[in-house]
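Student: First, the structure itself, so that you have it in front of you.
The values are calculated or read from the model by the stated rules, or taken from the named source; none is laboratory data. A quick note: this is a predicted structure, and the numbers were derived from the prediction, not measured. Note that each Cβ is placed from the backbone with ideal geometry, even for glycine, and that neighbours are counted across all protein chains shown. For the accessible areas, the whole protein counts, side chains as well, though only heavy atoms, and no ligand, DNA or RNA atoms are used. Shrake-Rupley method; radii C 1.70, N 1.55, O 1.52, S 1.80 Å.
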Amino acid sequence: VCDLWGKVEGQLKDLKARGIKTAVDCATRPEDPESQTAMPYTPYRLFSSDDGDVPAVRGLMKEYQSRGPQLVVAMLGEHGSLCYDGAEFHKFGIVPCENLVDSMGAGDSYIAGFLLGITEGLPIEKAMEKGAANATVTLGYFGGW
């Protein structure tokens, strides 16, 4: 799993050629050059958006998926998450947080839970639920980076 600041986008082509699956967290900047360079070589592309489940976000997800990733995930904060697999959109809400302290790290925690679910062979919706549950735990801590 890498992000925009790791500067590894140039190595993803070689990793893919070796059969190593990668995931790229594009944060709120999926259009950055680093994100674009990584796109054809990673099966899992994730990004955050405050826009919710709107046609523009779905359109971007379709475009991104057509350029290489197997799954494109938009983390939508309080609106849950959306995953596009090339055929259909999968949506999951949130797991309620009884004691919201800080949102820092919640996206990273979602990614960890989601990818764990995918590697365990869970259906997409169950992996999304696992990601949301993981994020909710992080919301209960201060500075959960």
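Student: Where the second residue is assigned to a helix (DSSP H, G or I) and the first is surrounded by fewer than 19 Cβ atoms within 10 Å (Cβ to Cβ) and lies in the range 36-62, which pairs have Cβ atoms under 7 Å and are six or more apart or on separate chains?
Tutor: Short answer, once both residue conditions are applied: T37/E9; T37/G10; D50/G77; D51/V57; G52/H79; D53/H79.
Student: Being of a type in the set (S, T, Y) and surrounded by 15 or more Cβ atoms within 10 Å (Cβ to Cβ) is the filter here, so list the residues in the range 14-35 that pass it.
Tutor: The answer is T22, S35.
Student: Something else now. State whether the residues of the range 107-119 include one that is open to solvent by 40 Å² or more (accessible area, probe 1.4 Å), over 15 Å from A23 (Cβ atoms) and not small (G, A, S).
Tutor: Checked the range 107-119: no residue is open to solvent by 40 Å² or more (accessible area, probe 1.4 Å), over 15 Å from A23 (Cβ atoms) and not small (G, A, S).
Student: Is there any pair with a first residue in the range 74-101 that is touching a residue at least 40 places away in the same chain (Cβ under 8 Å) and over 18 Å from M61 (Cβ atoms) and a second that is among the hydroxyl-bearing types (S, T, Y) and open to solvent by less than 50 Å² (accessible area, probe 1.4 Å) whose Cβ atoms are under 6 Å apart and which are 6 or more apart or on different chains, and what are they?
Tutor: Close Cβ pairs satisfying both conditions: V95/T136; C97/T136.
Student: When the residues of the range 64-84 are filtered to those that are open to solvent by 50 Å² or more (accessible area, probe 1.4 Å) and under 13 Å from the mean Cα position of the chain (by Cα), which remaining residue is farthest from A38 (Cα to Cα)?
Tutor: Within the range 64-84, the match that is farthest from A38 (Cα to Cα) is G77.
Student: Could you please give the count of residues in the range 35-59 that are hydrophobic (A, V, I, L, M, F, W, C) and more than 28 Å from L100 (Cβ to Cβ)?
Tutor: Total satisfying the criteria: 2.
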